[in-house]
1. Direction-averaged shadow area of the convex hull around the Cα atoms of the chain, nm²?
2. Given contacts defined as C-alpha pairs under 8 Å and at least six residues apart, what's the relative contact order of region 149-215, whole-number percent?
3. Need the full-extension length gain, D105 to E52, defined as separation in residues times 0.36 nm minus the C-alpha distance. One decimal, nm.
4. Can you work out the Karplus-derived ³J(HN,Hα) for every residue in region 81-97? Use 6.51 cos²θ - 1.76 cosθ + 1.60 with θ = phi - 60°, whole Hz, and x for glycine or proline.
5. What is the distance in Å between the Cα centroid of region 80-140 and that of region 1-55?
6. So what is the relative contact order of region 43-104, in percent, for Cα pairs below 8 Å that sit 6 or more residues apart?
7. I'd like the FRET efficiency for K73 and H117, computed as 1/(1 + (r/R0)^6) with the beta carbon distance as r and R0 of 22 Å, rounded to 0.05.
8. Using square roots of five times the C-alpha gyration tensor eigenvalues, list the equivalent-ellipsoid semi-axes of region 1-107 in whole Å, biggest first.
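FYI, it's all coordinate maths here, none of it is from the lab. Just so it is clear, the structure is predicted and the values come from calculations on it, not from any experiment. Positions of Cβ are generated from backbone atoms using ideal geometry, with glycine treated the same way; all protein chains shown enter the neighbour counts.
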Amino acid sequence: MITLSPSLLAADFANLSKDIDMINRSEADWLHLDVMDGVFVPNISFGFPVLEAVAKICQKPLDVHLMIVDPGKFTGQVKALGAYMMNVHYEACPHLHRTIQQIHDAGMKAGVTLNPHTPVCVLDDIIQDVDMVLLMTVNPGFGGQKFIEHSIDKVRRLKELILKTGSHALIEVDGGVNGETAPRLVEAGVDVLVAGSYVFGAENPEARIKELKNL
Ligand code: DX5
Ligand code: ZN
C-alpha cells in the first residue's frame, strides 16, 4: 500500500490544530513539513517555533523537507522535534555523504531531495546510504503548481537504479500530486506520495486521504 504524507503547507495556518486533528484521525501515514528560507527557494514558509508546536500535537511521524541552504546545520533541531525523516536537498549539500551520516547518527531516517532539473544519475554513489529519495515534481517553493510531466520517466529511472544497486531507498514525490497524477506515479514505482492542495483544498480532506490511500 502507498504511504501518504499530506503537506501542511496547504493547511489553514490560522487553524493548524484543527487540521492536525484531522490528520491524526485520518489514514495519512506521515505529515510532510516544508521549511523554506527565502534563499534556497524564493519563498518563506515556517520555521522551528511553528514546527515545535505542530510536533507537540501531531501523532503521525514527521517527514521534514528542508528547502534551505546548509540544512545539515539544523540536524539537532530537527531531531529535537522527534522527526522520523529528515530530507535535505542534493543541491544544498556540498558534503552530502557527511550530512546523511549526521542525520543517521542523530537517529533519524535520511532522505535526499532532487530538484526537477537534477538528474537521477547524481545519486549513483549515495543511493546505498539513503533511506529515501524525494523527487520534486514541481519547482520547490510553492504549493498548487502544475505537475512536471517528465517526472514519470524520472521515477522509472530512479526505480531502475534502486533495483540495480539493491538499495532499500523509498521513492517519494512532491508537487502536483492529484487524482490524475497519483495513479500514474504509483504505477511508475513511487512508494510515498506528498499531497498538499489536493488534500487540504478538498471539501472533505479525510475522504480525499482515504481515496489516495486506496489507489
Ligand atoms: C513545494 C512543497 C510541497 C507542496 C506541494 O515546494 O515542497 O510539499 O506543499 O504542494 P501541492 O501538493 O499543492 O503541489
Ligand atoms: Zn515538500
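1. With the hull built on Cα positions only, its mean projection is 10.6 nm².
2. 31
3. Gain on stretching D105 to E52: 17.0 nm.
4. My calculation for region 81-97 gives 6, x, 5, 8, 10, 10, 9, 10, 7, 3, 6, 9, 10, x, 10, 4, 4 Hz in order.
5. 19
6. 35
7. The computed FRET efficiency comes out at 0.35.
8. With the √(5λ) rule applied to region 1-107, the semi-axes are 23, 16, 12 Å.
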